[in-house]
Amino acid sequence: MHENREWPRYTAQRSFTLSVSLEGKILPCRVSDVSLGGARLTFDDMLPGDPREGYAVELSHPDAQTVVCETVWQSDREIGVQFDFSEDSLGLISVCIRNTTDLSQAGQP
């Protein structure tokens, strides 16, 4: 299967939690994978509302500025978000990659 992603995706090797403001509710989630372009976020509970694309969510973590990003897909317990290339987004992406991935092993079989 051919990979069409523009940026390399890092699968979480360690658990890392963010807070997400989703439809007015603050929910904890785990970063399942992350790239410069976006992330897959996994929730323990069912998500509120119907799955849909294109609405804004806020991601926050104590080590980075709050970032507003757009959802590109949603299932019962996961959402995919798309990042912009603002300084705040790049800071959050960096925190996610540092905390989920052993970069010394990245890209090795």
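The numbers here are math on the coordinates, done by the rules we state, and not lab data. Fair warning: this is a prediction, and the values are worked out from it, not measured in the lab.
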Q) Once the Cα atoms of helix 87-100 and of the chain are each reduced to a long axis, what angle between those two axes, in degrees from 0 to 90 to the nearest 10, is obtained? A) 70 degrees
(Q) I'm a student and want to see the number: the projected area of the Cα convex hull of the chain, averaged over all directions, in nm². (A) 7.3 nm²
